[in-house]
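All remarks here apply to the structure that follows.
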Amino acid sequence: MLTRREFLKLCTAAGLSLPLSSILLDELVKAQVVKPERPPVIWFQASTCTGNTLSFANTVNPYLSNVLLDIIDLKYHPNLTNSYGNQALQTLEQAAEKKDFILVVEGAIPTKDGGIYGASGERNGQPWKIVDAVRYLAERAKYVVAVGVCAVSGGPFAAHPNPTGCKGVYEVIDQPVVNCPGCPCHPDWFVGTLAHILLYKDLPKLDSFNRPVMFYGRLIHDLCDRRSYFENGIFAEYPGDFGCMYKVGCKGPITYADCPVRKWNEYVNWPVEDNSPCIGCANPGFPDASAPFFEHLPSIRLPNITVNANTIGLASGVITAGAIGVHFVGSRLKGRPLGGTIRTPDKHDTGEREVKPKKDKGDK
Ligand code: SF4
Ligand code: SF4
């Protein structure tokens, strides 16, 4: 079995010959931690487009069928398990009452008006509200993993004006949640997190927002192979141009994820390599905090100097990225500089707060 050091090295390595999820799933089989008693997993879908299920299904070696038949015991998934209707809900409840499962939640949780805008079937003749179902399941789970930015912090479902009061899982339950954001979550980010829990019966190291550091510990901007273009002020003027994508809205300087080295669709590509800006989908504030997608980040303030996209190449990269990050965090705490509605990180908060438009002198 891999030592924890080997496991972390593998998870943060670039240029693997096989997708990380494939290697880790093979390790799980070899380590015999999952047979004959495969660990039960309940995958619950809240308000979702099912994109994270599709991303997870992108694991090809072993195929998804091997994962489901050899690695985990998937007790419930609205799309992948073969029961439906009342029978499916009965199976779900029977599995939940054993209190030995890993709960995976995909999708945002509607909370407005008591959560009536999202239900998963019926219980006792009444709609089983998603918020109640998630609380019921989380209370019985050994671990809770939020997969995708919607489950992490509401994502597009919670975008302004958020009419259904959607929130992330951590905001509606009292149990700790491992947050794996992304729109969708990369299969490696999810499978790597699951593999760590299964192999070591323990959570991976998490950051202050409960994201696994092994995947979300580094800034995209620091891993990007266009960084030298940034430093030298060589910017794309339009999406599709070659160069650093900062001026066309790249959110790499404020986004913690390893997309530049991990890449997508089995390590084929990532947006910047295709001359598109990163839109920061792995940020908990996505999408409101990334909007407008094609507008560059606010100008950067350094002591006694203000730089913008035209002069940015003159500034130290490390200080620059830090300054953008500080500005972003400040903006998130105070509200978006251009106004709008943000959700605060308060748990069990019943609504939203209107943020007055703020003039930001340095902004375009
Ligand atoms: S701004 Fe975007 S494209 Fe430019 S170096 Fe940073 S991450 Fe790469
Ligand atoms: S590069 Fe940016 S937009 Fe693309 S998946 Fe990574 S965080 Fe999301």
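Assorted remarks:
- A search for C-beta distances below 9 Å between a residue of the range 239-266 that is of a type in the set (Asp, Glu) and any residue that is within 11 Å of ligand 1 (Cβ to nearest atom), counting only pairs 6+ apart in sequence or on different chains, returns ASP241/PHE235; ASP241/VAL248; ASP241/ASN275; ASP258/ILE220; ASP258/LEU223.
- Those helices (runs of 4 or more DSSP H) lying entirely in the range 203-295 with at least 1 residues crowded, with 22+ Cβ neighbours inside 10 Å and among the aromatic types (Phe, Trp, Tyr): 213-216, 227-231
- Among the residues here, ALA195 qualifies as more than 15 Å from the chain's Cα centre (by Cα), more than 8 Å from ligand 1 (Cβ to nearest atom) and of a type outside the set (Ser, Thr, Tyr).
- Restricted to strands (runs of 3 or more DSSP E) entirely inside the range 77-161, those with at least 1 residues that are farther than 23 Å from ASP207 by Cβ and in contact (Cβ under 8 Å) with a residue 12 or more places away in the chain are 119-123, 126-129.
- Restricting attention to the range 224-263, the residues that are closer than 22 Å to ALA282 by Cα and either in contact with a helix residue (DSSP H, G or I) (Cβ under 7 Å, 6 or more places away or on another chain) or within 14 Å of ligand 2 (Cβ to nearest atom) (or both) total 25.
Read the figures in this text as sums done on the coordinates, not as results from a lab. Computed from a prediction, not measured in an experiment: that's the story for all the values here. Cβ sites come from the backbone with ideal geometry, for glycine too, and all protein chains shown count toward neighbours.
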